[in-house]
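K.L.:
Below are the structure tokens for one structure; questions will follow.
The values are calculated or read from the model by the stated rules, or taken from the named source; none is laboratory data. Not measured: the values here are computed from a predicted model. Note: ideal-geometry Cβ built from the backbone for every residue, glycine included; neighbour counts use all protein chains shown. These accessible areas exclude ligands, DNA and RNA; they are computed on the full protein's heavy atoms, side chains included. Shrake-Rupley method; radii C 1.70, N 1.55, O 1.52, S 1.80 Å.
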Amino acid sequence: LPDDEIATQELIDIHAKFTRELREKERDKEETLRIASNILQKAHPDAMPIIKNWISIIQSRWEEISSWSMSREQKLKTHLQSLKDLENSIEELLRWLMGLESTLLTLEAENLPEEIPPVEELINDHKEFMENTARRQPEVDRACKPKLPVAPPSKDHRKPSRASVLRTPMYVLEIL
């Protein structure tokens, strides 16, 4: 699934077109099943199992495609909603960060007090500020999480042989 709303919406539009075409083809399927039923009524007894089999195949494949279509549509809509939710979350986090930046800039402009009790109060305020910031870290991580491609699992789990290591260029070994 794409990582942006526009591409996801395009996929939803393409899928909607596919769904319309599927509904149009449903009439053809129904007509085919009606004709097959008529043929079945007039068919030789030896041909009946074959005709019934094909009727069953048509119905099961149709159900399979319809089910897949509904599932795909739901998956695309869910994905689009998750992208919108992520965008809203990012916007809210940016507003929150701008507020924090504004607070920090305001506090930075103030002179530090010379007495111990006010300094201790500022230290406590800073601790609270850091705790509040740390509480939002999971949201930040979720919003900033990169989409990493999944590599197929390696089929060869053996250690490389000494000979293959010796043939490996030195610059590759330095990287490893």
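K.L.:
Mind grabbing the accessible area of Lys75 for me, 1.4 Å probe, Å², rounded to tens?
P.N.:
110 Å²
K.L.:
If you don't mind, another one. I'd like to check one number: the per residue accessible area of region 1-151, probe 1.4 Å, reported in Å² as a whole number.
P.N.:
With the other protein chains kept in place, region 1-151 gives 80 Å² per residue.
K.L.:
Going from most exposed to least, what order do Ile35, Ile58 have by accessible area with a 1.4 Å probe?
P.N.:
The most accessible residue leads, giving Ile35, Ile58.
K.L.:
Rounded, prolate or oblate for region 1-90? Axes are the square roots of the Cα gyration tensor eigenvalues, ordered a ≥ b ≥ c, and the cut-off for rounded is a/c under 1.5.
P.N.:
Judged from the Cα gyration tensor, region 1-90 comes out prolate (a/c at least 1.5, a/b above b/c).
K.L.:
Mind checking region 112-141 for GluC sites (Glu not before Pro) that DSSP puts in a loop (not H, G, I, E or B) and that have at most 13 other Cβ atoms within 10 Å?
P.N.:
Counting only loop positions with at most 13 other Cβ atoms within 10 Å, the GluC sites (Glu not before Pro) in region 112-141 are Glu114, Glu115.
K.L.:
Could you state how much accessible area Arg23 has, in square angstrom rounded to the nearest 10, with a 1.4 Å probe and all protein chains kept in place?
P.N.:
That residue has around 140 Å² of solvent-accessible surface.
K.L.:
While we're looking at this one, here's another question. Give me the distance between the Cα centres of region 1-51 and region 56-78, rounded to whole Å.
P.N.:
So the two Cα centres are separated by 10 Å.
K.L.:
Still on this structure: Taking the full set of protein chains and a 1.4 angstrom probe, give the accessible area of His44 in square angstrom, rounded to the nearest 10.
P.N.:
Roll a 1.4 Å probe over it and His44 shows about 110 Å².
K.L.:
Considering only protein heavy atoms and a 1.4 Å probe, what is the carbon-and-sulfur percentage of the accessible area of region 1-126?
P.N.:
The nonpolar share, carbon plus sulfur, comes to 57 percent.
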